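What follows is a short report on a single structure.
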Amino acid sequence: MSSAKHVRGPRDGGPEAASASDSESPAFSRADPEPPPPGGVLWSLSGDIRALLMLPAALTLQVAHPAVGAGVDEHSVFRTDPWGRGERSLRSLQLWVYGGTEAAEEGRRLRVLHRTIQGSDTRGRRYHALTPANYAWVHATGFPVYQHAARYLIRPMTPAQERALYAEWLQVGRILGIHDRDMPQTIEEFWPYWKKMLAEEIEATPVVRELVDVAQPVPPPDRGPWPLRVVLRALWPVLLPPLARFRRFVTIGLMPPDARAAVGLPWSAEQERRLRRMCAVLRVVVPVLPERLRYLPRARAARAAHRTAASNG
């Protein structure tokens, strides 16, 4: 792909192409793509507990695409099983980065899972989840959210770190089965693609409005030790309102400003100051936590295994 304008549009590559067997696809006819390297930008970033605060912004941007929003609206269990869906999504993301040989297998599993997802989007256009433009957008949202949110929660990236992050995110795209021709191959190609998508495709879909609605009902957590679940169930009417407000706050606040404006989400100067104060505390506190508290379990295990392999090698 020579430039971002060659990214295929939502009408190119229909369901009949997307639903072909993965074994027949060039992305899966050669050796499995490698996951991002140990010690890379993603290796440190995506397993950090602060990355959990970045995920709602990325998810909301994904469903701001008319086709993706329609697919989630019609086929996802995010309303009936929000905790299970969240757990599965986080597990999948961690596998892409820390899964080693499991990463490519997870990519294949996701493609099989999405083969039957199709319908009409919010603009009346036929969509399929694996149409290249749709599938690539879901993946593409991760880079600008990571790049933007890291400025608040960790530190601003240097130009070299941004390029390394983008190169590693391209590796994740290959794990997901996205062809290079369907992804901008450099940062210089990415930003025109990003601006074009914000200007022409992204909107406040019904699912976006639902995700930022503080009055939206959410069942109490059904994961974890049963005594904790019992306590949470009893306290849920009291806990849910402030948690819903916090979810909306970090979703909108950690979304890149141009994307926030494209979706039409309000954000005030006072909210910006509150976000900066909160993130300043997290930038001080999280780095001094022991590794067992700072990193998510799979990231922690992968980091320990890498250190062991390095010391034995």
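Could you work out the relative contact order of the chain, using alpha carbon pairs under 8 angstrom and six or more residues apart, expressed as a whole percent?
30 percent
Quick one: what are the phi-derived ³J(HN,Hα) couplings along the range 254-268, Karplus 6.51/-1.76/1.60 with θ = phi - 60°, whole Hz, x for glycine and proline?
8, 7, x, x, 5, 6, 4, 5, 5, 7, x, 9, x, 7, 9
I'd like the Karplus ³J(HN,Hα) series for the range 295-309: coefficients 6.51, -1.76, 1.60, θ = phi - 60°, whole numbers in Hz, and an x wherever there's a Gly or Pro.
After applying 6.51 cos²θ - 1.76 cosθ + 1.60, I find 10, 5, x, 5, 5, 4, 5, 5, 5, 5, 5, 5, 4, 5, 5 Hz.
Among LEU110, LEU130, LEU296, flag the residue with its Cα farthest along the positive direction of the charge dipole of the chain, charges on Cβ as +1 for Lys/Arg and -1 for Asp/Glu.
It is LEU296, whose Cα lies furthest towards the positive end.
Based solely on its DSSP helices, what 222 nm [θ] is calculated for the chain when runs of n ≥ 4 H residues each add -39,500 (n - 2.57) and the sum is averaged over all residues, nearest 500 deg cm²/dmol?
-18500 deg cm²/dmol
For the range 167-270, what's the relative contact order in percent, using C-alpha pairs closer than 8 Å and at least 6 residues apart?
Contact order relative to length: 27 percent.
Accessible area of the chain with a 1.4 Å probe: how many percent of it is carbon plus sulfur?
60 percent
Provide the per residue accessible area, probe 1.4 Å, for the chain, rounded to a whole number of square angstrom.
49 Å²
The values are calculated or read from the model by the stated rules, or taken from the named source; none is laboratory data. Just so you know, these numbers come straight off a predicted model, no measurement behind them. Quick reminder, even Gly has a Cβ in these numbers, built from the backbone with ideal geometry, and neighbours come from all protein chains shown. Accessible surface is based on the protein model in full, side chains and every heavy atom, while ligands, DNA and RNA are left aside. Shrake-Rupley method; radii C 1.70, N 1.55, O 1.52, S 1.80 Å.
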